[in-house]
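A short worksheet on the structure shown next.
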Amino acid sequence: MRQLPLEKELRIGNLTAKIPIIQGGMGVGISLSGLASAVANAGGIGVIATPAIGMNEPDFLRNYRAANIRALKKELRKARESTEGILGVNIMVALSNYADMVKTAVEEGVDLIFSGAGLPLNLPHLVGNAKTKLAPIVSSVRSARVIINRWKNKYSRLPDAIVVEGPLAGGHLGFKDEELEDDHFKLENLLPAVLAEIKKEETAEHKIPVIAAGGIYTGQDIYRFLQLGADGVQMGTRFVATVECDASEEFKAAYLKAQAEDIVIIKSPVGLPGRAIRNNFLERVSAGEATPFNCVYHCIKTCDFRKSPYCIAQALINAQKGRLNKGFAFAGKNAHRVDRILPVKELMATLMREFTEAAQTAEPVLV
């Protein structure tokens, strides 16, 4: 049985977060320096999302690569000016400028890189000898095993942490449509299998903390997954509903208005299922209405823009800026439970109060 203390830190190498919460990286432009620094100041790990991060740069359409590099530098520096806490970036493997984003984050001295939406098989090569910690995001024990074996055999390196993301997460999902409602793929079932795989690789000198993600909403949820063996959790949806979230007020309002039946699975142009809040834009797409466009970004390697009814990058940029008639909001399964906008500090205090209450009253579980 695993008994947890009422206060639980998250240690990743020489980094220690006072609160075992990682704020998920949310793009496009939902988690930038404002949200990430607020979470870091509150004792968690704040994460900046990198897809199309250069959207506000004047040359974004003309010079996509340079604009994104410049914007990532700006956001990381703004965040670091605002906090002495732990900062990370989320860099999707599927990004066409993946290497640029990794190298820029490392040059700026970011504490952590989280990387999913594909297998980050060559991430250690891009990072080199930098002190930046590396945390792959996986949705299966097989993916974890492939990454560990590749890193160990080719780079003599192990992940510094691993995020296990279940099918209740928002945004793009690493599951097939038929797996999303299959109990075999629930986070509660994925987590123990990944933990068992990780234990084979850990040494006394190198512990690999495992982070549970996808559908975690309350402090009670946090306690439950830590009791199941996770070292920390990653949460996205709750942090959209904060004052410091970098999204527009209209984007946040979509969360406040959403009902359970509004949280839907869509077929994304990037070739993955995604979870979003149904709105008029998505209904028009579902009805077969196409928005003709020329691909100026070439942002996602797997996007076949010739067959896509809309540009997902532009749709997400529109949503971030509040133009939801021309875009949509990604959201986790529990987004309909959001009922108010809180400062990050208050949200973190609420989650930790709920965690403490759960720790004081819950029976330990067998692991």
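The numbers here are math on the coordinates, done by the rules we state, and not lab data. Please read all numbers here as calculations on a predicted model, not as lab measurements. Heads up, the Cβs are rebuilt from the backbone with ideal geometry, glycines too, and the neighbour counts pull from every protein chain shown.
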Which listed pairs, of LYS18/LYS154; LYS176/LYS333; LYS103/LYS152; LYS152/LYS207, have C-alpha distances above 24 Å, in listed order: LYS18/LYS154
Under DSSP loop assignment and at most 13 Cβ neighbours within 10 Å, longest GluC sites (Glu not before Pro)-free interval of the chain: 85-180
Where N is the number of residues in the chain, Cα Rg divided by 2.2 N^0.38 Å: 0.93
Estimated inter-spin distance, LYS345 and ALA260, nm [label 7 Å along Cα→Cβ]: 3.6 nm
Taking only Cα atoms of region 249-335, radius of gyration then Dmax in Å: 12.5, 35
Calculated FRET value between TYR155 and ASN280, using beta carbons and R₀ = 41 Å, to 0.05: 0.30
Computed label-point distance, nm, for sites ASN63 and GLU107 using a 7 Å Cα→Cβ extension: 1.3 nm
Rh (Kirkwood; distinct C-alpha pairs) - region 45-90, Å: 11.0 Å
Ranked packing of 51-57, 307-313, 17-23, most packed first, by mean Cβ within 10 Å: 17-23, 51-57, 307-313
Calculated [θ] (222 nm, deg cm²/dmol) that DSSP helices of n ≥ 4 give over the chain, each run adding -39,500 (n - 2.57): -10500 deg cm²/dmol
FRET efficiency for ARG353 and GLU188, using Cβ-Cβ distance with R0 set to 22 Å, rounded to 0.05: 0.40
